[in-house]
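One structure below.
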Amino acid sequence: MKMTDVQVRILGSLIEKEITTPENYPLSLNALRNACNQSSSREPVMSLDEGEVRQGLHVLEDMGLADSSQDGRVPKYEHRVRDRLQLRRDETAVICLLLLRGPQTPGELRTRSERMFRFDDPAQVVATLQRLASRTEEEHSEGALVVQLARQPGSREARWAHLLGGPVDVGAVVQGPGSRAQGPESAGVLEQVEELRREVRELKERLDRLEGIG
């Protein structure tokens with residue numbers, strides 16, 4: 001199974017909305033496009049048009065990962081991930097976050113999964129990831145669904161990535177546009193800065209959710 005970035009974003013958005021806003025699910029094409037193009041909880045932010053979303057949906061339907069139904073005159077779309085990939089609730093939440101936001105640490109996944117599944121501690125997240133990583137083709141035709149990446153210099157935790165887009169270079173170090181190779185000390189400082197940025201983003205997301213509840 002090898003999905004494009006567009007198909008990955010569509011599938012992740014369908015999973016997220018089914019769990020977090022079940023009253024508005026399944027999604028119309030326009031609602032799904034808006035979900036894919038959200039500026040929050042998406043990395044990277046995308047700007048897909050209806051044609052791209054429609055084409056991606058057709059491919060996902062052929063894979064057995066999505067389905068459509070008719071609600072009046074408007075087609076509605078939903079995912080079939082749990083049945084197709086035989087996922088538990090905790091596994092579905094982890095896969096969803098990796099699809100929407102790329103490689104993440106167990107700590108990040110635990111914080112960001114609160115609206116989809118509440119993990120007791122990071123160890124529970126790791127156990128879920130290890131279960132997804134140890135799937136064999138004899139048991140599941142798709143084999144492993146996630147992989148652990150090499151720990152970056154200065155980072156306390158290793159990140160994990162999904163494999164629905166194909167094989168991943170587990171030793172790759174992701175650098176921003178225009179960045180240059182750094183020595184171990186500089187790389188460690190940059191990683192600490194990036195961790196602080198991620199923590200600030202997570203705190204802002206929590207604050208936004210609290211303000212929405214209020």
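The values are calculated or read from the model by the stated rules, or taken from the named source; none is laboratory data. The shown structure was predicted, so the numbers you read here are calculated from the model rather than taken from an experiment. Cβ coordinates were reconstructed from backbone atoms using ideal geometry, including for glycine residues, and neighbour counts include every protein chain displayed. The protein model used for the area step is the full one, side chains on, heavy atoms only, and it has no ligands, DNA or RNA in it. Shrake-Rupley method; radii C 1.70, N 1.55, O 1.52, S 1.80 Å.
Here are some notes:
- Scanning region 68-83 for residues that are more than 18 Å from the chain's Cα centre (by Cα) and buried (at least 16 other Cβ atoms within 10 Å of the Cβ) returns Lys76, Tyr77.
- Residues (assigned to a helix (DSSP H, G or I) and either in contact with a Leu (Cβ under 7 Å, 6 or more places away or on another chain) or under 25 Å from Ser134 (Cβ atoms) (or both)) located in region 44-88: Glu50, Val53, Arg54, Leu60, Met63, Val81, Arg82, Asp83, Arg84, Leu85
- Leading residue by the ranking (farthest from Leu207 (Cα to Cα)) among those in region 26-43 that are assigned to a loop (DSSP other than H, G, I, E, B) and either touching a helix residue (DSSP H, G or I) at 6+ places or on another chain (Cβ under 8 Å) or of a type outside the set (Ser, Thr, Tyr) (or both): Pro26
- Taken over region 127-163, the criterion of being in contact with a strand residue (DSSP E or B) (Cβ under 9 Å, 6 or more places away or on another chain) and more than 21 Å from Val81 (Cα to Cα) is satisfied by Gln148, Leu149, Ala158, Arg159.
- Condition met for Ser41 (touching a Leu at 6+ places or on another chain (Cβ under 9 Å), of a type in the set (S, T, N, Q), open to solvent by less than 60 Å² (accessible area, probe 1.4 Å) and at pLDDT 95 or above): yes
- Filter result for Glu23 (touching a residue at least 40 places away in the same chain (Cβ under 8 Å), open to solvent by 40 Å² or more (accessible area, probe 1.4 Å), part of a helix (DSSP H, G or I) and out of contact with any Cys (no Cβ under 6 Å at 6 or more places or on another chain)): no
- Subset of region 87-121 [open to solvent by less than 20 Å² (accessible area, probe 1.4 Å) and of a type in the set (S, T, N, Q)]: Thr92, Gln104, Thr105, Ser113
- Taking every residue in region 48-73 that is more than 17 Å from Lys2 (Cα to Cα) and pairing it with any residue that is surrounded by 13 or more Cβ atoms within 10 Å (Cβ to Cβ) and of a type in the set (Asp, Glu), at least 6 positions away or on another chain, the pairs with Cβ-Cβ distances below 8 Å are Asp67/Glu61; Asp67/Glu78; Ser68/Glu61; Ser68/Glu78; Ser69/Glu78.
Residue-by-condition table, conditions (1) in contact (Cβ under 8 Å) with a residue 12 or more places away in the chain; (2) more than 18 Å from Glu16 (Cα to Cα); (3) acidic (Asp, Glu); (4) not in a loop (DSSP other than H, G, I, E, B):
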{"residue": "Leu100", "(1), (2), (3), (4)": "yes, no, no, yes"}
{"residue": "Gly107", "(1), (2), (3), (4)": "yes, yes, no, yes"}
{"residue": "Asp120", "(1), (2), (3), (4)": "no, yes, yes, no"}
{"residue": "Glu137", "(1), (2), (3), (4)": "no, yes, yes, no"}
{"residue": "Gly154", "(1), (2), (3), (4)": "yes, yes, no, no"}
{"residue": "Ala158", "(1), (2), (3), (4)": "yes, yes, no, no"}
{"residue": "Pro167", "(1), (2), (3), (4)": "no, yes, no, no"}
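- Subset of region 122-135 that is open to solvent by 20 Å² or more (accessible area, probe 1.4 Å) and outside any loop (DSSP other than H, G, I, E, B) - its residue that is modelled with the lowest pLDDT: Pro122
- When Val126 is tested against (1) out of contact with any Phe, Trp or Tyr (no Cβ under 8 Å at 6 or more places or on another chain); (2) under 15 Å from Gly12 (Cβ atoms), exactly one condition is not met: (2).
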